[in-house]
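Okay, structure first, notes after.
The values are calculated or read from the model by the stated rules, or taken from the named source; none is laboratory data. None of these values were measured; they are calculated from a predicted model. All Cβ positions, glycine included, derive from the backbone under ideal geometry; neighbour counts span all protein chains shown. These accessible areas exclude ligands, DNA and RNA; they are computed on the full protein's heavy atoms, side chains included. Shrake-Rupley method; radii C 1.70, N 1.55, O 1.52, S 1.80 Å.
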Amino acid sequence: MPKLKLPNPIPDQLRPRPQRPGEGNGRKSTKDVVIESGRDAGISVVDWVDERTSLSGAARWTMFRKVPKGTNWFYTLGSATMFAFLSQAVTGVFLAMYYDPSPTRAYESTRHITNEVFLGEFVRGMHKWGATVMMVLIFLHMGRTFFFGAYKYPRELNWVVGVVLLVLTMIMSLTGYLLPFDQRSFWATIVADNINGTGPFLGPYLADFLRAGPEFGATTLARFYSIHMLLVPGAIAALIGVHLYLVAKLGTTAPPWVKAEEPEQLRTEKV
Amino acid sequence: MNQREKEQYLREYSVLKAQGKPFFPYAVAKDSVMAFLVLVAIIAMSLVLGAELGPKADPTTTTYTPRPEWYFFFLFELLRVIKPAELTQAATIGIPTLCLILLIMLPFYDRGPERRPERRPIATTAGIITIVAMAYLTYLGASAGSPTDIEMKAPSDLDRQAVAQFDQGKLVAAQSGCLACHKIGHNGNDGPGPELSEVGARLPREAIARTLENPTAPMPSYAALRRDEPEQFDAMVEFLSQLR
Ligand code: HEM
């Protein structure tokens, strides 16, 4: 017997319909046999993996948990932010195939992507505007959790993780802005770096670290590139994992004005 | 929230949750619709707005616009709104750091049990003020004059002709990118070069001209300007030497 039973809260439409009496002629058609053996094969593969990983419990725990009554469209902003991040990751991978972070080649390789590579400008545009979209979504998501009081007990930690994600996302945008290495990005980065340098204590060191030395030099670009495509996205991906684990563990809030109906049984008992 | 309030919240929440719907497929369906809209938005923006690439970065040029992405305008604008030099550090690092600490610590100082926005007047008002302030600063940043403006007034003791030369020199200085590295009055970046607001009091006219022709690195030389357009060069020197 397959162990992987479908849990109960499956909507009726999605449940397999038992054959009605009179349907079919008792014998199975070839089509049915194929479908059935396909399903059995699928189930036994899943079972095989599950026997060795016990992942089905976790999958059920995340997918079939309940979201509270009243959950509305505002609750999609978090996953929309995550989707924008995934889109950035995918377009970023394709850009990285052509981009060259050396100061002599950075601009030319970007120009090459924009003008010559097949769909190059389109993918660059998606990456560039995807950053804006992600920024807007993350602020909307933060606004939602703020005005719904979703940062309160027991979700304080998720708010903290969220703010760190916000800062990391801003760092992404800051480091990415330099990479095309045109006039605008170059000078804006110099200014941003100078601003860093005015900070107390760590400021000058941070600025030196970012520039890879006291001057804006040959390794600066490579440093920004590796921060932009390895360090920070890795951290973001890991923290999104933590964020989502907490979401699944604690459950999402109900909108603050939704009140629980008293369970039927209590209501009748009171009467 | 005290212990009783916490327990009450958890109890109420578990009822709400029990009365809810399963994440799959209900929430997943909404999330997918939203993800699709996000993808459409990104693709549409890419197709309509494209990805422009400006001229190649050139550390020696003198005309450029150092503008960040629009969602950093509010940070950038703080620098312009908070003008006094003693407060620059507060604007660049102090205020943003403070805001960040306030933001990240929010759940630890706002601990009341109430969640409805209309019953949390302080939090809701603070949130709205923050949004309005950021929107206003972003708007200022978007409509700000180019960073090649110098807002210095000619000293009042100059005659009409000297004022004209002062203004011409101001324009030349503004267009030559001095503000990239020098502060003049309220404009320009404080560094890497020294502030020029009172350079006329520090250096005689000839010394200024000499520095412009033969600067210390990394400042670019204006010898070409002197050779090709001596009138403009002189106006700039005149302007600078009037700053005191
Ligand atoms: C990369 C950025 C982020 C991603 C991908 C993300 C993703 C998510 C997702 C998918 C949820 C589930 C509920 C929902 O979608 O509303 C969620 C909940 C939450 N997020 Fe985020 N988030 C991000 C950033 C932030 C930020 C910046 C904050 C706040 C500073 C934040 C605070 C919260 C809180 C408090 C919850 C719990 C909300 C509730 O239970 O109603 N998140 N996040």
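Does at least one position in region A:162-169 carry a residue that is free of Cβ contacts under 8 Å to residues at least 60 places away in the same chain and either closer than 18 Å to B:Thr92 by Cα or more than 16 Å from the ligand (Cβ to nearest atom) (or both)?
As a first pass, look at region A:162-169 and keep what is free of Cβ contacts under 8 Å to residues at least 60 places away in the same chain: A:163, A:166-167.
Those left that are additionally either closer than 18 Å to B:Thr92 by Cα or more than 16 Å from the ligand (Cβ to nearest atom) (or both): A:167.
Yes, because at least one residue in region A:162-169 is free of Cβ contacts under 8 Å to residues at least 60 places away in the same chain and either closer than 18 Å to B:Thr92 by Cα or more than 16 Å from the ligand (Cβ to nearest atom) (or both).
Being within 16 Å of the ligand (Cβ to nearest atom), loosely packed, with under 15 Cβ neighbours inside 10 Å and either facing chain A (nearest Cβ under 7 Å) or modelled with pLDDT of 85 or more (or both), is that true of even one residue in region B:62-70?
There is no residue in region B:62-70 that is within 16 Å of the ligand (Cβ to nearest atom), loosely packed, with under 15 Cβ neighbours inside 10 Å and either facing chain A (nearest Cβ under 7 Å) or modelled with pLDDT of 85 or more (or both).
Can you name every residue in region A:188-202 that is within 31 Å of the chain's Cα centre (by Cα) and free of Cβ contacts under 8 Å to residues at least 12 places away in the same chain?
Scanning region A:188-202 gives A:Ala188, A:Val191, A:Ile195.
So, in region B:1-12, how many residues would count as being more than 7 Å from chain A (Cβ to nearest Cβ) and more than 43 Å from the chain's Cα centre (by Cα)?
Number of matching residues: 7.
Working only within region B:208-232, note down all residues that are part of a helix (DSSP H, G or I) and either of a type in the set (Lys, Arg) or under 29 Å from the mean Cα position of the chain (by Cα) (or both).
The answer is B:Arg210, B:Leu212, B:Arg226, B:Arg227.
Report whether or not A:Phe147 is within 16 Å of the ligand (Cβ to nearest atom) and open to solvent by 40 Å² or more (accessible area, probe 1.4 Å). Steps first, please.
On the way: within 16 Å of the ligand (Cβ to nearest atom): yes; open to solvent by 40 Å² or more (accessible area, probe 1.4 Å): yes.
Yes; evaluated as a whole, the condition is true for this residue.
Which of the residues that make up region A:73-82 are over 18 Å from A:Val242 (Cβ atoms) and within 9 Å of chain B (Cβ to nearest Cβ)?
Hits for region A:73-82 are A:Trp73, A:Tyr75, A:Thr76, A:Leu77, A:Ala80.
Could you list, in sequence order, the residues of region A:69-85 that are of a type in the set (S, T, N, Q), assigned to a helix (DSSP H, G or I) and touching a residue at least 40 places away in the same chain (Cβ under 8 Å)?
Kept after step one, since they are of a type in the set (S, T, N, Q), are these residues of region A:69-85: A:71-72, A:76, A:79, A:81.
Keeping just the survivors that are assigned to a helix (DSSP H, G or I) gives A:76, A:79, A:81.
Selection gives A:Thr81 alone.
For region A:170-180, what are the residues that are facing chain B (nearest Cβ under 8 Å) and either open to solvent by less than 20 Å² (accessible area, probe 1.4 Å) or near the ligand (Cβ under 10 Å from one of its atoms) (or both)?
A:Ser173
Determine, yes or no, whether A:Ser56 is more than 15 Å from the ligand (Cβ to nearest atom) and either part of a loop (DSSP other than H, G, I, E, B) or in contact (Cβ under 8 Å) with a residue 40 or more places away in the chain (or both).
Taking the combined requirement at face value, the residue satisfies it.
Can you give me the number of residues within region A:88-105 that are closer than 25 Å to A:Ile236 by Cα and open to solvent by less than 70 Å² (accessible area, probe 1.4 Å)?
Residues flagged as closer than 25 Å to A:Ile236 by Cα and open to solvent by less than 70 Å² (accessible area, probe 1.4 Å) within region A:88-105 amount to 9.
If A:Leu140 meets every condition in (1) open to solvent by less than 20 Å² (accessible area, probe 1.4 Å); (2) more than 7 Å from chain B (Cβ to nearest Cβ); (3) within 16 Å of the ligand (Cβ to nearest atom); (4) touching a residue at least 40 places away in the same chain (Cβ under 8 Å) apart from one, which number is that one?
Among (1) open to solvent by less than 20 Å² (accessible area, probe 1.4 Å); (2) more than 7 Å from chain B (Cβ to nearest Cβ); (3) within 16 Å of the ligand (Cβ to nearest atom); (4) touching a residue at least 40 places away in the same chain (Cβ under 8 Å), the lone unmet condition for A:Leu140 is (1).
Quick one: count up the residues across region B:96-125 that are open to solvent by less than 60 Å² (accessible area, probe 1.4 Å) and over 28 Å from B:Glu12 (Cα atoms).
Of the residues in region B:96-125, 1 are open to solvent by less than 60 Å² (accessible area, probe 1.4 Å) and over 28 Å from B:Glu12 (Cα atoms).
Given the conditions (1) touching a residue at least 60 places away in the same chain (Cβ under 8 Å); (2) within 16 Å of the ligand (Cβ to nearest atom); (3) facing chain B (nearest Cβ under 7 Å), report the number of the one that A:Gly130 does not fulfil.
All conditions pass for A:Gly130, except number (1).
Here is a list of conditions, (1) within 7 Å of chain A (Cβ to nearest Cβ); (2) open to solvent by 70 Å² or more (accessible area, probe 1.4 Å); (3) of a type in the set (A, V, I, L, M), and B:Leu37 meets all of them except one; can you say which number that is?
Result: B:Leu37 fails condition (1) only.
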